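Read the structure below first, then the notes.
The values are calculated or read from the model by the stated rules, or taken from the named source; none is laboratory data. The model shown is predicted, which means the values in this text are computed figures rather than measured ones. Note: ideal-geometry Cβ built from the backbone for every residue, glycine included; neighbour counts use all protein chains shown. Just the protein is used for accessible areas: all its heavy atoms, side chains included, with ligands, DNA and RNA removed. Shrake-Rupley method; radii C 1.70, N 1.55, O 1.52, S 1.80 Å.
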Amino acid sequence: MSKFSIRFFASGLLMIIISCSPTKQIVLQTIEPSPVHISKKIKKIGIINRSILPDVEEDETALNRMVSAEEQWLSEQGRDAALTGLFNELLKDNRFQSIQMLDSVPEGLLNFDTGNNSISWASIEEICQANNVDAIFSMSYFDAETTVSVKKTSMLQPNLMRVKVKVPAQEITLETLIENGWKIYYPNNNEIIDEFVFNGQVISRGKGTNPIEAYRAIEGRKDTLVEQSKSTGSNYGQRLLPFENNVKRSYFTRGTDNLDLAGQLMENGDLQGASELWEKDVENSNPRIAGRACYNMAVKNEINGDLKSAMEWATKSHTDYDNKEALKYLDVLQNRLIQKQILEQQVSR
């Protein structure tokens, strides 16, 4: 069994107490299937850069010229970093036989098709055949835009006696928004498997006696911007993998001494002890109590990873004892069962 299948059955222990309700909540940690389904036929990947560098705008002020030059630098370095982040992430995925960075694709093949913002399928097929790849991961665009704000402040500065004194200063804030878009082209089916946009933000501040000095006082900004860009590519690669998720589940804690005591045991992480008490009430003469106990048994089985048994208990709670919450829970369990089957198909590769 794969590590993802094993972790799929793990449960969290975080308890959230709701004092005014007949229920309390537990948070389960689950493993959800990848948002992007990759065909088993896709073994060889090509990565292309479809983004276009922005034009440098002329500006009157020295500060804005410096910021514009930095944005141009980031557009060049940032998109390369994002592509590297994706490349490195895909290398870790043993589903693929080869990953290629396609740097020499003729520019004419990368033009968008008339009427949409996608590369034509004829071009995609030509790229795949020329490079012996099955699918194309494309960076559709990369944008970095910086907003500059300056305000008056003060700072400590050594005087002629080398004593630090407070002097008037200005503080500059640079807020850079980084956005890039990705697409996965699969020519075998003329299908765009995925299309996604990542947004990131980097805020930098510096102080100086004037805006230029304040700008120059900012440390590590370029490294931070490049690292943020690289993470967008890495994060996109991770969209192909199952991911952890936290889900909340309610269970009943009022109605009988058994339910009350079981609730206390659950707070202490004793699921087995709680379930033994719930079992004592599943045939309670009071249908409301029996319905709650059956519902709780459904939760117990979901925690243990037995979704089919969980659905059987939830069905019993609803059909035999008219527990309205059980009907809603059945929909949740049915969806989880479907997601589990998808997950098992994905990790079986």
Practice item. Express the carbon and sulfur contribution to the solvent-accessible surface of the chain as a percent, rounded to the nearest whole number, probe 1.4 angstrom. Key: 47 percent
Check your understanding: Which one of GLN228, MET66, ILE47 is farthest out on the positive end of the charge dipole of the chain, using unit charges on Cβ (Lys, Arg +1; Asp, Glu -1) and the Cα centre as origin?
Key -> GLN228
Practice item. Using only Cα atoms, find the angle between the long axis of helix 121-131 and the longest principal axis of the chain, and express it within 0 to 90 degrees, rounded to the nearest 10. Key: 80 degrees
Study note, to complete from the structure: Expected max-MSF residue from THR30, THR232, THR256 in the GNM of the chain (alpha carbon, under 10 Å) is THR256
Review point. What order, most packed first, do the peptides 137-148, 330-341 have when packing is the mean number of other Cβ atoms within 10 Å of each residue?
Key: 137-148, 330-341
Check your understanding: Roughly how many Å² is the accessible area per residue of the range 220-291, as a whole number, for a 1.4 Å probe?
Key -> 50 Å²
Practice item. Could you grab the relative contact order for the chain? Cα pairs under 8 Å, six or more apart, rounded to a whole percent. Key: 21 percent
Check your understanding: Extent of the range 307-349 along each principal axis, from alpha carbon coordinates, in Å, largest to smallest?
Key -> 43, 15, 8
Review point. Using alpha carbons only, how many degrees (0 to 90, rounded to 10) separate the axis of helix 62-91 from the longest principal axis of the chain?
Key: 50 degrees
Revision key, fill the gap. Of the convex hull enclosing the alpha-carbon atoms of the range 241-319, the direction-averaged projected area in nm² is 5.7 nm²
Review point. Taking a point 7 angstrom from the Cα of ALA62 along the C-beta vector, which residues in the range 152-173 have backbone N less than 20 Å away?
Key: 152-153, 168-173
Practice item. Please work out the Cα center distance from the range 150-173 to the range 107-142, rounded to the nearest Å. Key: 54 Å
Point to revise | Gyration tensor (Cα) of the range 100-149, equivalent ellipsoid semi-axes in angstrom | key: 27, 14, 9
Review point. Is the shape of the range 67-175 best called rounded, prolate or oblate, per the rule: a/c under 1.5 gives rounded, else a/b larger than b/c gives prolate, else oblate, with a ≥ b ≥ c the square roots of the Cα gyration tensor eigenvalues?
Key: prolate
Review point. Binned at 20 Å from 0, what are the whole-percent values of the Cα-Cα distance distribution for the chain, short to long?
Key: 23, 34, 32, 11, 0
Review point. Could you give the accessible area per residue of the range 81-164, probe 1.4 Å, as a whole number in Å²?
Key: 61 Å²
